[in-house]
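The values are calculated or read from the model by the stated rules, or taken from the named source; none is laboratory data. This is a predicted model, so every value here is computed, not measured. So basically every Cβ, Gly included, is an ideal-geometry build from the backbone, and we count neighbours across all protein chains shown.
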Amino acid sequence: MSEKAFRVELAQEKDFVFRVDFGLDGVDDLIMDEPEPVGGGAGPNASRVLAAAIGNCLSASLLFCLRKSRVEVSGLKAAAEGVIARNEEGRWRIKEINVEITPEVDEGQRSQLERCIDIFEKFCVVSQSIRQGIPINVKVRR
């Protein structure tokens, strides 16, 4: 089993505004910020980026399956809705993320669509990793 590493670098610009460098040629940095009253809302916060990552990964997995099945996809839209609630200790946590994907496919290819709907989630790296629980190792340099 092989491993692949990737690195994303963040730098504080001011207050809670961070610039995220994905280390990809030709890809602009992403500005992230906390919503008011903590931050100024200059960009998405981590919860929104997580929802976008899950929605994107699931959409890409479905699209990949459909294309492998030779289904003509004329468009695909997705929405990811996060629900935040307080835990037992009274701290805010993401309780769930609900994703709705709407592919535009020809009526004559419904059987291939159904087959892909049955299997595509298994191939989404992000949602399957989160469901299983990803170990997070934190080091603060002094």
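Just a few scattered comments:
- Qualifying residue in the range 46-63 (condition: of a type in the set (Val, Ile, Thr), out of contact with any helix residue (DSSP H, G or I) (no Cβ under 7 Å at 6 or more places or on another chain) and over 30 Å from ASP15 (Cβ atoms)): no
- Residue check, VAL27 assigned to a loop (DSSP other than H, G, I, E, B), free of Cβ contacts under 8 Å to residues at least 40 places away in the same chain and either closer than 30 Å to GLU114 by Cα or among the β-branched types (Val, Ile, Thr) (or both): yes
- Hey, SER2 over 28 Å from GLN109 (Cα atoms) and modelled with pLDDT under 95 or not: yes
- Residue match in the range 50-64 (condition: modelled with pLDDT of 95 or more and over 21 Å from ILE130 (Cβ atoms)): no
- LEU66 meets each of the listed conditions (1) outside any loop (DSSP other than H, G, I, E, B); (2) under 19 Å from the mean Cα position of the chain (by Cα) apart from (2).
- Any chance ARG91 is basic (Lys, Arg), over 21 Å from the mean Cα position of the chain (by Cα) and either within 17 Å of GLY55 (Cβ to Cβ) or exposed (fewer than 10 other Cβ atoms within 10 Å of the Cβ) (or both): yes
- Within the range 103-125, restricting attention to residues that are out of contact with any Gly (no Cβ under 8 Å at 6 or more places or on another chain) and surrounded by fewer than 11 Cβ atoms within 10 Å (Cβ to Cβ), the residue that is farthest from VAL73 (Cα to Cα) is LYS122.
- Residue-level check: of (1) modelled with pLDDT of 95 or more; (2) more than 20 Å from VAL126 (Cα to Cα), ASP106 misses just (1).
- All of (1) among the aliphatic types (A, V, I, L, M); (2) in contact (Cβ under 8 Å) with a residue 24 or more places away in the chain; (3) assigned to a strand (DSSP E or B) hold for ALA52 with one exception: (3).
- With respect to (1) in contact (Cβ under 8 Å) with a residue 24 or more places away in the chain; (2) assigned to a loop (DSSP other than H, G, I, E, B); (3) within 19 Å of the chain's Cα centre (by Cα), the lone exception for PRO44 is condition (1).
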